[in-house]
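Down below is the structure, laid out as structure tokens.
The values are calculated or read from the model by the stated rules, or taken from the named source; none is laboratory data. Just so it is clear, the structure is predicted and the values come from calculations on it, not from any experiment. Glycine also receives a Cβ, built like all others from the backbone with ideal geometry; neighbour counts cover every protein chain displayed.
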Amino acid sequence: MTKHRSPRPLPGALLVILTVVAIAAGGCSSVASPQGWASPVQDGDLLLAAHRDELFALDAADLAVRWSFPPAGNDEIDPVALYGTPAFMGEEMVLVPTYDGVLYALERESGNLRWQYDTGDALIGGVAVSEAGDAAYFGSANGNVYALDAEGVPIWSAPFETDEPVWSTPSLAGDTLFVTSLDRRVYAIAVETGAQRWEFKADAGIGSTPVVAGGSVFVGAFDSQLRALGETSPYERWSVKADNWFWSRPLEAAGTVYAGSLDGRVYAIDAATGEERWPPFDAGGPIRAAPALVGEVLFVVDTDGNIHGIDTETGAAAFAAPFAIGDEVLADLLVRESPGETEPPELVIVTTAGNLVRVDPVDLRQIAITELGG
Amino acid sequence: MELLELISWAFDHVLVIPTTNALVLISRLSLGNYGVAIILFTLIMRAVTWPLSRQQLHAARSMQALQPRIQEIQKKHKDPKRRSEETMKLYREGGVSPLGCIWPMLVQFPIWIALYQAIRLTLGATPESLLDLSQRLYPWSYLRTAVPLENQFLWMDLGQPDPTLIMAILVGASMWVQQRMTTPSNASMDPQQASINQTTMVMMPLMFAFFTLQFPSGLALYWVATNVIGIVLQYFYMGPAQFSWRRIFTFTPAPAPAVRQAKQSPAENPNPPTEPEEPPAADEAHRRRRRRRRGRRR
């Protein structure tokens, strides 16, 4: 006997189906997974470039892979993602900050693990290394700033504490370490003891790495302001307001501070007076990556992967059109010098998809593109 | 493809971005406490969508009221076609649409999805999501300087799934209670319908409890808040006098009021009803129809 079907259960059943469909269609993958945006860095004949959770040590001459980290087959190390720029420590070591909260110290030649230091929370910023290569300073998302010696042993009696995560790379100038935090502050810390010298409070969190030059600390913040602070005391020399956050590291060269903003503009500010050198250059897309200077041309790349050349004298576009990589770029630009400087420098860009793009800064032409790990 | 992009753009700009900014604003106004902001925002959203919720509750109540008469039809007519016709006729007479419960729910659905996306966006659990958020905030420094938001609320990191089972249990339990409040007693249904209802009532809370284990606990907080508000609204809409907590927490199906009356012996029931009691909505519609018929005859 056929039973009569009432329409009552429809709403519940349909809601279940709709919920599943909507969650699937909305790209609702549970928690956003970190992708990483570690910037490439070069020291002599070794170039380090990262893609997601993998670091590649490349020969600076021919970009052949010497080693990679974590080593193939090692399941014990899971960096999750790499955001902080790796750093060279002395002649023999490479430091790799990872999203799983561990700072790994690797042999420069082989990539073998020397030591590791677990902070317990994500490392988003990079590492500042002393000139002598005997100390490393870095911040963690747990809000602490650490100082380690070449053996991975803490230098300070206790880490320096901030109230919110530290997402930037500290800057070292003489005997002072400058650190920014999402707790809205810039801290000046004595490198010997880890004691606070001064602090400056902005109107919002700071995710940008500070730059120290000419007695000033230049720092951008999420309050959309680029500031110049005194190096020895926390007074604000000047500030420039953009239409969105400053997240990229500023660049100081010949008395001018260049900074890209997430409002899609590049600002050129007189380091001494805070006056604009030229009207902001409109890149069209948000800028997270730090700019790079080659001769008289400033190169910036927006998040959409368009590389712009800007004449530093006039602020006008140095090329007829930007070069479009066609892929998202969040990592800083690197000016790659050939070992021994036998060849002219070139721009190296690592895209979020893991492509290493080499661009000629003379005519903004692509030289080659290599898939990291490919 | 272009149409899909257009829909996506419109959804983003009409729902997701305003919702995101509203959440950030409320968070700032509640001294940066994002958990409180989610609860306040849920309250506001429930207030804004109250006309739809009321329509839904009204439809559910009307459907509930018709259940005894539906059961009568099922007993009276063996032919499924006839039974279906009579049921539909009853719906028409009662001015009740079987889909009356679902349309208001469907209209609210995009709002839920937008809120879900806004919570994910504002929590900025990764640097990429914070970067994404920077492009979606209105150019108002009060908003722009509010982020990153404080992720900690009670024992939870709102950007991460709750490591304890507390939120999963709260989500499942509150959803189950809310469903029990809107679902008529199974005794007045045919066994197949009752079985489907039972399955839905168990599956939905279980499914959302499972989601809670995977999704940011900020979203779980929203689900708990919206369920609790729904329970309170339902309680007051039905009227405390009409409400029986015992029925909610009775696992064995209890007979519906009209059926209970019919089964009572004359000794137990001094005033046996001669006809099943008509529900208010059906009664009113019936009277209107009679008046119209009389008018036509004249």
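Does A:F138 qualify as being buried (at least 19 other Cβ atoms within 10 Å of the Cβ) and either farther than 20 Å from A:T169 by Cα or modelled with pLDDT under 95 (or both)? No; evaluated as a whole, the condition is false for this residue.
I'd like to check something: does the stretch A:8-21 contain any residue that is modelled with pLDDT under 90, facing chain B (nearest Cβ under 9 Å) and in a loop (DSSP other than H, G, I, E, B)? Looking through the stretch A:8-21, at least one residue is modelled with pLDDT under 90, facing chain B (nearest Cβ under 9 Å) and in a loop (DSSP other than H, G, I, E, B). Just one of the listed residues (A:D118, A:D45) is at pLDDT 95 or above, surrounded by fewer than 14 Cβ atoms within 10 Å (Cβ to Cβ) and more than 14 Å from every other protein chain (Cβ to nearest Cβ), and it is A:D118. Candidates in the stretch B:92-107 are the residues that are at pLDDT 70 or above and buried (at least 19 other Cβ atoms within 10 Å of the Cβ); of these, the one that is farthest from the other protein chains (Cβ to nearest Cβ) is B:G94. For A:S239, the criteria (1) closer than 30 Å to A:E199 by Cβ; (2) surrounded by 23 or more Cβ atoms within 10 Å (Cβ to Cβ); (3) not charged (D, E, K, R) hold in every case but one, which is (2).
Taking the criterion of being more than 13 Å from A:A61 (Cα to Cα), touching a Pro at 6+ places or on another chain (Cβ under 9 Å) and in a loop (DSSP other than H, G, I, E, B), the residues of the stretch A:319-346 that qualify are A:L330, A:A331, A:D332, A:L333.
Taking the criterion of being within 14 Å of chain B (Cβ to nearest Cβ) and surrounded by fewer than 23 Cβ atoms within 10 Å (Cβ to Cβ), the residues of the stretch A:167-184 that qualify are A:D183, A:R184. Across the stretch B:146-172, the qualifying residues are those that are of a type in the set (V, I, T) and at pLDDT 90 or above, and the one among them that is nearest to B:V224 (Cα to Cα) is B:V171.
Would you confirm, using the coordinates I've provided, whether A:W37 is at pLDDT 95 or above and either under 30 Å from B:A59 (Cβ atoms) or surrounded by fewer than 20 Cβ atoms within 10 Å (Cβ to Cβ) (or both)?
Numbers: at pLDDT 95 or above: yes; either under 30 Å from B:A59 (Cβ atoms) or surrounded by fewer than 20 Cβ atoms within 10 Å (Cβ to Cβ) (or both): no.
Judged against the criteria, A:W37 is not a match.
Filtering the stretch A:151-166 to residues that are surrounded by fewer than 18 Cβ atoms within 10 Å (Cβ to Cβ) and touching an Asp or Glu at 6+ places or on another chain (Cβ under 8 Å) leaves A:I155, A:D163, A:E164.
Quick grid of which residues meet (1) touching a residue at least 60 places away in the same chain (Cβ under 8 Å); (2) assigned to a loop (DSSP other than H, G, I, E, B):
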position: A:F56; (1), (2): yes, no
position: A:A61; (1), (2): yes, yes
position: A:W67; (1), (2): no, no
position: A:P71; (1), (2): no, yes
position: A:N74; (1), (2): no, yes
position: A:E91; (1), (2): no, yes
position: A:D100; (1), (2): no, yes
position: A:L106; (1), (2): no, no
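Of all the residues in the stretch A:180-218, those that are aliphatic (A, V, I, L, M), within 19 Å of A:R237 (Cβ to Cβ) and touching a residue at least 40 places away in the same chain (Cβ under 8 Å) number 6.
The one condition from (1) at pLDDT below 90; (2) under 30 Å from B:L121 (Cα atoms); (3) assigned to a loop (DSSP other than H, G, I, E, B) that B:P253 does not meet is (2).
Take the conditions (1) touching a strand residue (DSSP E or B) at 6+ places or on another chain (Cβ under 6 Å); (2) under 26 Å from A:D175 (Cβ atoms); (3) small (G, A, S); A:A132 misses just one of them, which is (1).
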